[in-house]
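The block underneath contains the structure these notes are about, expressed in structure tokens.
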Amino acid sequence: MALADILHDRTARYFDLVNNPELLKGIDGLPIADSDFKDFPAKGTKIPDNWDVSFGDVLNWSKGRPTEAYFVMEDRTLLKNPDRTGSGYLTIPFIITKNTRNALLKYEYVINGIGKDYVSTVEMHPDDVFIVKNWGQVPSEMHSRNVEFIYDPLEEFLYVNIPYTSKSKEFKLGSTTMKDIETWFSGALETQASFRVKYDFSGPQFQKYHDLYRLHEEDFSLPKTWSAEPGTTHVGHDFCRGEWIFHGDHKHLHEAKKNIQDFYKDLVIGIEDIPHTTVSIV
């Protein structure tokens with residue numbers, strides 16, 4: 001897409017075909033007959049030439065969560081909501097936003113129409129103005145097909161993912177900067193390490209964990225190059241057991257382990273290293 005097209009990118013339109021079907025019109029300005037679109041996704045995937053829709057517009061046949069929402073592609077075929085969560089939330093995919101430099105503005109009507117609570121994922125170009133304004137300019141070494149920038153408008157996190165690896169980290173809007181992202185990314189390129197923490201608290205240990213230390217309300221303090229992901233968890237009124245998995249650069253492995261030991265204070269936990277597979281980023 002040419003620079004002029006990027007700068008004059010049109011706002012995507014939203015068509016709620018369940019509650020406001022009259023908004024879908026033909027190029028002649030007349031409403032499309034209900035019978036023409038009522039079961040359209042089941043009939044085919046290409047939009048008729050006389051429908052007044054454009055690339056990036058969203059047609060929604062859903063009655064609740066946008067499980068039956070579709071994006072209009074450049075060839076007028078329909079792309080079903082890819083829903084990265086698997087729970088019926090809208091994902092605005094990179095294939096739609098890759099030539100957009102202001103994805104939230106382009107999809108403002110769509111997000112408001114579907115409801116912010118039902119939009120989980122907006123995949124962005126690294127030069128998106130929202131990223132630049134709130135975190136800073138993305139360095140050139142992070143402009144790669146192997147680095148993804150994904151914004152969650154509900155939780156207000158920017159996720160930076162390195163596909164085909166386990167490396168991913170969230171950066172909170174308003175409290176993190178591009179420096180934080182660069183620090184994490186640089187660490188992700190170094191030799192990696194992972195370890196698992198297992199816990200099984202009951203009786204006095206659970207009372208300390210839950211009532212005295214209230215650790216269930218606290219967050220881990222980790223090096224900026226490290227991240228945590230929960231494993232299996234079982235919780236009852238007088239016990240909890242489960243595990244956490246931690247990933248990061250090998251250089252800060254001992255610091256990460258010490259921080260976890262300090263977090264759990266005198267509670268008994270098990271720590272075991274996880275073999276790491278190195279994946280190149282190009």
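The values are calculated or read from the model by the stated rules, or taken from the named source; none is laboratory data. From a predicted model like this one, the values you see are computed outputs, not experimental measurements. Using ideal geometry, Cβ is built from the backbone for each residue, glycine included, and neighbour counts are taken over all protein chains shown.
May I ask you to list the residues in the stretch 261-278 that are within 21 Å of residue 183 (Cβ to Cβ) and in contact with a strand residue (DSSP E or B) (Cβ under 6 Å, 6 or more places away or on another chain)?
Within the stretch 261-278, just 276 meets the criteria.
So if I check each of 126, 82, which one is in contact with a His (Cβ under 6 Å, 6 or more places away or on another chain), without any contact (Cβ under 8 Å) to a residue 40 or more places away in the chain and either assigned to a loop (DSSP other than H, G, I, E, B) or not aliphatic (A, V, I, L, M) (or both)?
Details: 82 fails: in contact with a His (Cβ under 6 Å, 6 or more places away or on another chain).
The conditions single out 126.
I'd like the residue in the stretch 175-189 that is among the β-branched types (Val, Ile, Thr) and assigned to a helix (DSSP H, G or I) and, out of all such residues, is farthest from the chain's Cα centre (by Cα). Full working, then the answer.
Of the residues in the stretch 175-189, the ones among the β-branched types (Val, Ile, Thr) are 176-177, 181, 183.
Among the residues that remain, those that are also assigned to a helix (DSSP H, G or I) are: 181, 183.
On the way: 181: 15, 183: 20 Å.
Going through the qualifying residues, I end up with 183.
Which members of the stretch 230-253 meet the condition of being without any contact (Cβ under 8 Å) to a residue 60 or more places away in the chain, among the charged types (D, E, K, R) and not in a loop (DSSP other than H, G, I, E, B)? Talk me through it step by step, then tell me what you get.
Going residue by residue through the stretch 230-253, those that are without any contact (Cβ under 8 Å) to a residue 60 or more places away in the chain are 230-246.
Cutting the leftovers down to among the charged types (D, E, K, R) gives us 238, 241, 243.
Those that are without any contact (Cβ under 8 Å) to a residue 60 or more places away in the chain, among the charged types (D, E, K, R) and not in a loop (DSSP other than H, G, I, E, B): 241, 243.
Output the number of the condition that residue 132 fails; it satisfies all remaining conditions of (1) in contact with a strand residue (DSSP E or B) (Cβ under 8 Å, 6 or more places away or on another chain); (2) on the phi < 0 side of the Ramachandran plot.
Among (1) in contact with a strand residue (DSSP E or B) (Cβ under 8 Å, 6 or more places away or on another chain); (2) on the phi < 0 side of the Ramachandran plot, the lone unmet condition for residue 132 is (1).
Take the conditions among the polar types (S, T, N, Q) and under 23 Å from residue 135 (Cα atoms) and apply them to residue 177. Does it pass?
Details: among the polar types (S, T, N, Q): yes; under 23 Å from residue 135 (Cα atoms): yes.
Considered against the rule, which asks whether it is among the polar types (S, T, N, Q) and under 23 Å from residue 135 (Cα atoms), residue 177 comes out as yes.
Condition check ((1) touching an Asp or Glu at 6+ places or on another chain (Cβ under 6 Å); (2) closer than 18 Å to residue 74 by Cα; (3) modelled with pLDDT under 95; (4) not acidic (Asp, Glu)) across all residues:
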site: 29; (1), (2), (3), (4): no, no, yes, yes
site: 34; (1), (2), (3), (4): no, no, yes, no
site: 38; (1), (2), (3), (4): no, no, yes, yes
site: 49; (1), (2), (3), (4): no, yes, yes, no
site: 52; (1), (2), (3), (4): no, yes, no, no
site: 56; (1), (2), (3), (4): no, yes, no, yes
site: 62; (1), (2), (3), (4): yes, no, yes, yes
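Any idea how many residues of the stretch 190-213 are exposed (fewer than 14 other Cβ atoms within 10 Å of the Cβ) and either at pLDDT 95 or above or part of a helix (DSSP H, G or I) (or both)?
6
For residues that are at pLDDT 95 or above and not in a strand (DSSP E or B), tally how many sit in the stretch 266-282.
3
Please work out which residue is surrounded by the most Cβ atoms within 10 Å (Cβ to Cβ), limiting yourself to the stretch 226-244 and to residues that are under 14 Å from residue 195 (Cβ atoms) and modelled with pLDDT under 95. Before you say what the answer is, go through the steps one by one.
We begin by selecting, within the stretch 226-244, every residue under 14 Å from residue 195 (Cβ atoms); these are 226-229, 231, 243-244.
With modelled with pLDDT under 95 added as a condition, the list becomes 226-229, 231.
On the way: 226: 23, 227: 21, 228: 16, 229: 12, 231: 11.
Looking at residues that are under 14 Å from residue 195 (Cβ atoms) and modelled with pLDDT under 95, I get 226.
Taking only pairs six or more apart or across chains, which ones have beta-carbon atoms under 7 Å, a first residue in the stretch 153-167 that is under 12 Å from residue 123 (Cα atoms), and a second residue that is part of a loop (DSSP other than H, G, I, E, B) and among the β-branched types (Val, Ile, Thr)?
160/147
Filter the stretch 133-175 down to the residues that are over 18 Å from residue 83 (Cβ atoms) and of a type in the set (A, V, I, L, M), then identify the one that is surrounded by the fewest Cβ atoms within 10 Å (Cβ to Cβ).
Only one residue tops the list, namely 173.
So, in the stretch 95-126, how many residues would count as being under 11 Å from residue 12 (Cβ atoms) and of a type in the set (D, E, K, R)?
Total satisfying the criteria: 2.
When the residues of the stretch 26-48 are narrowed to those that are part of a loop (DSSP other than H, G, I, E, B) and within 34 Å of the chain's Cα centre (by Cα), which ends up farthest from residue 84 (Cα to Cα)?
That would be 48.
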